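Asks: Below is one structure. I have some questions about it.
The values are calculated or read from the model by the stated rules, or taken from the named source; none is laboratory data. Worth saying up front: this structure is predicted, and the values here are computed from it rather than measured. Here Cβ is always computed from backbone atoms with ideal geometry, including for glycine, and neighbour counts include all displayed protein chains. Ligands, DNA and RNA are excluded from the accessible area calculation, which covers all protein heavy atoms including side chains. Shrake-Rupley method; radii C 1.70, N 1.55, O 1.52, S 1.80 Å.
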Amino acid sequence: MSLRSAIAESSKLIALRDAEVLLAHILGRDRAFILAHINDPLSAERLTQLRALTSRRAAHTPLQHLTGEQEFYGLTFRVTPDTLIPRPETELLVEAVLNSIAEKPTLSHPLRLLDVGTGTGAIPIALATHLPTAKLTAIDLSPAALAIARENAARHRVSGRIRFVESDLLAALPEESFDIIISNPPYVSLADAPTLAPEVRDHEPHLALFAGPDGLAIYRLLIPQAHAALVLGFGQSASVRALLPENLWHNIRILDDYAGIPRIVFAERR
């Protein structure tokens, strides 16, 4: 069977692009290679592998769990069921941080950044590649997620510049202060669980998805801790705006994602 025929067979069950990505993954090539060699023969062994992955994708296993990778901010990250899959809209969080730093006066000390709930480490690793003198700390409650984050940091050669700490929010860092605190925390309400795509609800870690009955449980805990540890704070979800009293925070802005949906809340500590 040719690559073309194998893709055609697979695409009867899953999206064409997904079929192409899975075949490229099996062959250890990129999609451009597949298209350039579309009439080449595919071995029986590879065809069996493609059929197995196609069946799993048709059963709503995330494509990224099948390939083990996701691109974020121009970098490739390893992902597993222990980590939330980095989303394109979270790149806006990285951009917001970089833009904020560019607008601020130069500090007398290396910039200290903290990422809360780091998951794959995508946010601090992306920032580390653009902030060569910054000191970054990344925390997560999940040891399994931290192991993946450390692996990704090594992959992108920034391990020596990011400290990874197992912590329930800022509990493990009671005496430390930071110039910028970043977080893309869980914000889905438990009531909304049935509305999520099966790829998300049934395959991504609930610890990284759900935040109580209204989706604001983590924000209620994180914001006071961030205020105490800050000398800037970032959070995702427009609804958190009401949790930022103006006597404690200023320069509060809501940034839209690529679809024009309010997504990121930016605030500075008074």
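Asks: Tell me the residue from Glu91, Glu69, Glu95 that is within 26 Å of His156 (Cα to Cα), surrounded by fewer than 20 Cβ atoms within 10 Å (Cβ to Cβ) and touching a Ser or Thr at 6+ places or on another chain (Cβ under 7 Å), please. Even if it seems obvious, please write down each step before you answer.
Replies: Numbers: Glu91 fails: touching a Ser or Thr at 6+ places or on another chain (Cβ under 7 Å); Glu95 fails: touching a Ser or Thr at 6+ places or on another chain (Cβ under 7 Å).
Exactly one of Glu91, Glu69, Glu95 is within 26 Å of His156 (Cα to Cα), surrounded by fewer than 20 Cβ atoms within 10 Å (Cβ to Cβ) and touching a Ser or Thr at 6+ places or on another chain (Cβ under 7 Å), namely Glu69.
Asks: Could you grab me the full set of residues in the range 20-29 that are surrounded by 13 or more Cβ atoms within 10 Å (Cβ to Cβ) and outside any helix (DSSP H, G or I)?
Replies: Within the range 20-29, just Arg29 meets the criteria.
Asks: While we're on this one: Tell me which of these Ala259 doesn't satisfy, since it passes every other one: (1) modelled with pLDDT under 80; (2) buried (at least 17 other Cβ atoms within 10 Å of the Cβ).
Replies: Here Ala259 meets the rest and fails (2).
Asks: In the range 13-67, what residues are hydroxyl-bearing (Ser, Thr, Tyr), under 24 Å from the mean Cα position of the chain (by Cα) and under 12 Å from Leu3 (Cα atoms)?
Replies: Those that are hydroxyl-bearing (Ser, Thr, Tyr), under 24 Å from the mean Cα position of the chain (by Cα) and under 12 Å from Leu3 (Cα atoms): none in the range 13-67.
Asks: Then there's this: Taking Arg31 as meeting all but one of (1) at pLDDT 95 or above; (2) farther than 30 Å from Ile254 by Cβ; (3) in contact with an Asp or Glu (Cβ under 7 Å, 6 or more places away or on another chain), write down the number of the exception.
Replies: Arg31 satisfies every listed condition except (1).
Asks: Here is a follow-up. What are the residues in the range 200-222 that are within 20 Å of the chain's Cα centre (by Cα) and either in a helix (DSSP H, G or I) or among the aromatic types (Phe, Trp, Tyr) (or both), if any?
Replies: Hits for the range 200-222 are Val200, Arg201, His206, Leu207, Ala208, Phe210, Ala217, Ile218, Tyr219, Leu222.
Asks: On to the next question. Go through Pro110, Pro105 for me and flag whichever is modelled with pLDDT under 95, touching a strand residue (DSSP E or B) at 6+ places or on another chain (Cβ under 9 Å) and surrounded by fewer than 17 Cβ atoms within 10 Å (Cβ to Cβ).
Replies: Pro110
Asks: Name the single residue, out of those in the range 35-61 being closer than 22 Å to Asp202 by Cα and in a loop (DSSP other than H, G, I, E, B), that is least open to solvent (accessible area, probe 1.4 Å).
Replies: Filtering the range 35-61 for residues that are closer than 22 Å to Asp202 by Cα and in a loop (DSSP other than H, G, I, E, B), the one least open to solvent (accessible area, probe 1.4 Å) comes out as Thr61.
Asks: Those residues that are touching a Lys or Arg at 6+ places or on another chain (Cβ under 8 Å) and of a type in the set (Ser, Thr, Tyr), I need them from the range 128-187; list them, please.
Replies: Thr137, Ser159, Ser177
Asks: Out of Pro194, Pro186, Pro124, which single residue is under 28 Å from His65 (Cα atoms) and surrounded by fewer than 14 Cβ atoms within 10 Å (Cβ to Cβ)?
Replies: Of the residues listed, the single one that is under 28 Å from His65 (Cα atoms) and surrounded by fewer than 14 Cβ atoms within 10 Å (Cβ to Cβ) is Pro194.
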